[in-house]
Amino acid sequence: MAKISNLACLTTTVLLVLFVVSNGIPKSNACHTLLGECDVPSPCTETNCEACCLSKFGALHCDGVCEAEGAEVHCHCYGQP
């Protein structure tokens, strides 16, 4: 009985691994890498920040975010590594 249980567990594991590999290893599309800051006029808006990041970093960037650093708000550009 234990041999059947072990064989079923091994077979399930092998099938699961084959399924994951055949569909491609999942990759995250999130952009976590800080590319740098962009100088935008105050107050920082998402539209101005996004446009500045696009012109400064081009296709490397995937997000421009206005973030507070202390009392100041800066435009930070993020991209994929």
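The values are calculated or read from the model by the stated rules, or taken from the named source; none is laboratory data. Since the structure is predicted, the reported quantities are computational estimates derived from the model, not experimental observations. Note that each Cβ is placed from the backbone with ideal geometry, even for glycine, and that neighbours are counted across all protein chains shown. What goes into the accessible areas is simple: the full protein's heavy atoms, side chains included, and nothing from ligands, DNA or RNA. Shrake-Rupley method; radii C 1.70, N 1.55, O 1.52, S 1.80 Å.
A few comments on the model shown:
- Each residue in region 36-51 was checked for being within 20 Å of the chain's Cα centre (by Cα) and assigned to a helix (DSSP H, G or I), and 4 pass.
- When GLU67 is tested against (1) assigned to a helix (DSSP H, G or I); (2) without any contact (Cβ under 8 Å) to a residue 12 or more places away in the chain; (3) open to solvent by less than 80 Å² (accessible area, probe 1.4 Å); (4) not polar (S, T, N, Q), just one condition goes unmet, and that condition is (1).
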